[in-house]
Amino acid sequence: FDRPHFMRVLVTGGSGLLGKAIEQVVKQEGGCLEGEQWTFLSSKEANLVVSEVSAHPCHPPGCQGGRTLSSHEGEPTLSGELHYLTTQFLSITRLYDFPEWIFNCSNQNMIVCVCVDFTDYRGYFAQHGRRYTAVIPTNVYGPYDNFNFENGHVLSALMHKTYAAKKEGTPLQVWGSGTPRRQFIYSLDVARLFLWVLREYDEIDPIILSVGEEEELPIKDAVEMIADALDFKGQIVFDTSKSDGQIKKTASNTKLRRYLPDFTFTPLSEGIKKTCDWFVHNYDIART
Ligand SMILES: C[C@H]1O[C@H](OP(=O)(O)OP(=O)(O)OC[C@H]2O[C@@H](n3cnc4c(=O)[nH]c(N)nc43)[C@H](O)[C@@H]2O)[C@@H](O)[C@@H](O)C1=O
């Protein structure tokens, strides 16, 4: 696959967790190379679900939220909407002759909950020579996430709950037993890997973007890191009337490591501290 010398990159979902992280890496970490032109569009500017919008599109997920959002609105959002916008995007990329497309599969839940038909992507390469692929991150967290109590991702919801519990002098309520294990990846790390996929990764097969299996840790350990980061000294209550969800969702990063043996992931405690600091300083604009 020969990448053109001049690359115009369109990032949809540009104001979300991953879109903002990609923007930071491109604009502040020297991620923009000579001959590249990046455009970031929010879902308001380019709503792939309802409009005829809409280079090289990178497509972070259309809906971001935790398990409650998925279970309450899961059918329409993760199946209907995703299928619709994927199909829509494939027609647009064909119409405007995009040579390359990276679809962000939200997270590894796609493997266990939702099926994206990668056969289509292989077909696109075979038939049209276009490299459309997907990345599959594990549980992503970071600035600009959804921090809503009810439907935020686990770490972001818990950061907000800890912040509120500290302010109000109440116990921190954690859903479930705290024993389920997860692999968390910092959004800026996903963004750096996204750029690598855009420029270097030539396979059509999707790639899992994850820390190692040995980094999978119980929710209660992450809760302690959040409490430390926000200097919360109050009581932590595990509400076992709430579901634990899957006990673990271990994903292998062997393939990623084969390509990038030296990539350094942001340690979880550091990423949590940075995200908590961002949340506290940007409380007014954070999605709560
Ligand atoms: C399907 C869905 O799945 C994911 O959503 P997630 O909720 O972030 O994470 P999870 O399902 O992997 O686990 C959450 C764990 O953590 C506990 N837990 C404690 N306290 C809170 C809490 O306050 N909020 C949440 N959400 N979970 C909590 C909860 O009981 C469970 O054991 C995202 O990847 C997402 O992208 C996605 O699509």
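A cut-off of 5 Å between modelled amide H atoms, ignoring neighbours fewer than 5 places along the same chain, links Asn104 with His59, Val135. Of the peptides 231-241, 149-159, the order by per-residue mean of other Cβ atoms within 10 Å, starting with the highest, comes out as 149-159, 231-241. Report, to the nearest whole %, how much of the accessible area of the stretch 201-288 belongs to carbon and sulfur atoms, 1.4 Å probe, protein only. Summing carbon and sulfur atoms, their accessible area is 50 percent of the total for the stretch 201-288. 3J(HN,Hα) couplings calculated from phi for the stretch 161-172 with the Karplus curve 6.51 cos²θ - 1.76 cosθ + 1.60 (θ = phi - 60°) are, in sequence order, 5, 5, 4, 5, 5, 5, 5, 8, x, 10, x, 8 Hz; Gly and Pro show x.
Applied to the stretch 202-217, the Karplus parametrisation 6.51 cos²θ - 1.76 cosθ + 1.60 on θ = phi - 60° returns per-residue 3J(HN,Hα) values of 9, 7, 8, 4, x, 10, 7, 9, 8, 6, x, 4, 5, 8, 5, 9 Hz, with x for Gly and Pro. Of the residues Thr254, Ile219, Thr240, the one whose Cα sits farthest towards the positive end of the charge dipole of the stretch 213-262 is Thr254 (charges of +1 on Lys and Arg Cβ, -1 on Asp and Glu Cβ, taken about the Cα centre).
Pairs from the table (Lys20/Lys233; Lys220/Lys249; Lys161/Lys248; Lys20/Lys255) lying more than 20 angstrom apart at Cα are Lys20/Lys233; Lys161/Lys248; Lys20/Lys255. 3J(HN,Hα) along the stretch 173-181, derived from phi through the Karplus expression 6.51 cos²θ - 1.76 cosθ + 1.60 where θ = phi - 60°, amounts to 9, 9, 6, x, 7, x, 8, x, 10 Hz, with x in place of Gly and Pro.
The values are calculated or read from the model by the stated rules, or taken from the named source; none is laboratory data. Note that the structure is predicted; figures quoted are calculated from it, not measured. Ideal geometry is used to build each Cβ from the backbone, glycine not excepted, and the neighbour counts take in all protein chains shown. For accessibility, only protein heavy atoms count, side chains too; no ligands or nucleic acids. Shrake-Rupley method; radii C 1.70, N 1.55, O 1.52, S 1.80 Å.
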